[in-house]
Amino acid sequence: MTDRKTIIRSVGAYLPAQVMTNDDLSKIVDTTDEWIQQRTGIKQRHIAAEGENTSDLAAAAARKAMENAGITIADIDLIIVATTTPDMTFPATAAVVQQKLGMHHGAAFDIQAVCSGFVYAVATADSYLKNGLGKRALVIGAETASRLLDWTDRTTCVLFGDGAGAAVMELAKPGEERGVLATALRSDGFHWNKLYVDGGVSSTRTIGHVRMEGKEVFKHAVGMITDVVYKVLDDTGHTIEDLDWFVPHQANKRIIDGAGVKLGLPPEKVVVTVDKHANTSAASVPLALNTAVADGRIKRGDLVMIEAMGGGFTWGASLIRW
Ligand code: ACO
């Protein structure tokens, strides 16, 4: 294993064209724009078109990330797709993305860690590349979460949206000090029934819908997020004050604010996109990263903390010198 770090060379994103506002939702279920904004901070979400699958969103985000890095698919030898909403039960959505990008070589597989999927995928690509199994990876978070929703259940259907974000990861040049500095991944399966989909191949042979004990998720989220954030800070000898940007999973503005307050983070260092995208599960962190890179907030050399928490429960954080 090399002691060279793995950098995020570029990011990219894709959002489906259709935007659904809270007012649009209030025509389907008994809810209001005011309730949704007050409890979650969400104003709108994007919804994939009929026939537009997770692999389409993922491939579009990947193309953008490769374009931003100035590379082509020939330069990639690993594709990881973090998703909870695969095109099919098998093969992996990553294999379909591989075909859509015209790639015959290398390897492709999915990661299923629900909303923490992108953080898990970054950690996996980091290890894969450092261990010499490949040179450059496309790490994608992509979801068509709208297809898992019960559109008669106002307690869940207002929370989610569709989208994809992607990152090109590669080994840093020798002596280069930037890249992934540390990662902490956690899960505790004893919480699986607080946030889950009530269907599956082996159990019901159906797809199912998202079910959630919202208050329970909320209760655990802030503590779990802050635990892993402190762990990676401790592991690297950094403090909260050193952070330039905090890029959290975008589930709910109140969870993001709660974590920010507990960590003592100034709100201006926190990247928030939940208002525009809602909760896009594994896509939320790379979508937020892409927003902050594209608008010039995240710059080369910045210290960036990404974190996520979701079904399982799974949670994790990664500290990256950009
Ligand atoms: N519109 C209007 N009223 C609603 C809606 C809605 N969309 N949803 C629920 N209500 C009602 C409830 O029926 C209830 O009415 P009642 O008092 O007459 O029974 C009332 O609003 C309050 O409901 P609560 O569930 O107590 O509302 P709460 O303040 O807990 O907010 C929420 C619910 C937003 C889900 C909150 O619990 C939460 O943020 N939980 C975190 C879960 C989360 O973010 N999950 C995302 C996925 S997990 C992840 O990615 C980490």
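The values are calculated or read from the model by the stated rules, or taken from the named source; none is laboratory data. All figures in this text were calculated on a predicted structure; none of them were measured in a lab. Counting neighbours? That spans all protein chains shown, and the Cβs are built from the backbone with ideal geometry, glycine included. Surface accessibility is based on the protein's heavy atoms, side chains included, excluding ligands, DNA and RNA. Shrake-Rupley method; radii C 1.70, N 1.55, O 1.52, S 1.80 Å.
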Qualifying chymotrypsin sites (Phe, Trp or Tyr not before Pro) for the stretch 243-313 [loop in DSSP, other Cβ within 10 Å: at most 11]: none
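Counting only heavy atoms of the protein chains, get the accessible area per residue of the chain (1.4 Å probe) and round it to a whole Å² value. Spell out each step's value before the answer.
On the way: 13570 Å² over 322 residues.
Accessible surface, normalised per residue, equals 42 Å².
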Fraction of beta bridges assigned by DSSP in the chain that are antiparallel (%, nearest 5): 70
From the C-alpha gyration tensor of the chain, square roots of 5λ in Å: 28, 23, 18
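I need the calculated FRET efficiency for the pair Ile207 and Ala74, taking r as the beta carbon distance and R₀ as 35 Å, to the nearest 0.05. Walk me through the numbers on the way to the answer.
Working: r = 36 Å, r/R0 = 1.03.
After rounding to 0.05, the efficiency reads 0.45.
Want the number for Thr239 to Arg300: 0.36 nm per residue separation, take away the alpha-carbon distance, what's left?
Working: separation 61, 0.36 × 61 = 21.96 nm, distance 1.94 nm.
The Thr239-Arg300 span can extend by a further 20.0 nm.
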Against the rule of thumb 2.2 N^0.38 Å, how large the Cα Rg of the stretch 136-177 comes out: 1.93
Part-to-part distance (alpha-carbon centres) for the stretch 1-21 and the stretch 194-227, which is given in Å: 25
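Pick out the long, greasy-scoring helices in the chain: whole DSSP H runs spanning 30 Å or more along their own axis by Cα, mean Kyte-Doolittle at least 0.0. It would help to have the intermediate numbers written out before the result.
On the way: long enough: 214-236 (33 Å, 0.15).
What comes out of the filter, once short or polar helices are dropped, is 214-236.
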Kirkwood Rh and Cα Rg combined as Rg over Rh, evaluated for the stretch 176-252: 1.10
Where N is the number of residues in the stretch 80-232, Cα Rg divided by 2.2 N^0.38 Å: 1.16
Distance in nm between pseudo-label sites at Glu50 and Asp198 (7 Å out along the Cβ direction from Cα): 2.7
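Please give the direction-averaged projected area of the C-alpha convex hull for the stretch 179-321, in square nanometres with one decimal.
Numbers: hull surface 36.1 nm².
With every direction weighted equally, the projected area is 9.0 nm².
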Straight-distance crosslink candidates among lysines, where the alpha carbon sits under 21 Å from Lys27 and sequence neighbours closer than 8 are dropped: Lys43, Lys276
Mean projection area, nm², convex hull over Cα of the stretch 6-171: 9.7
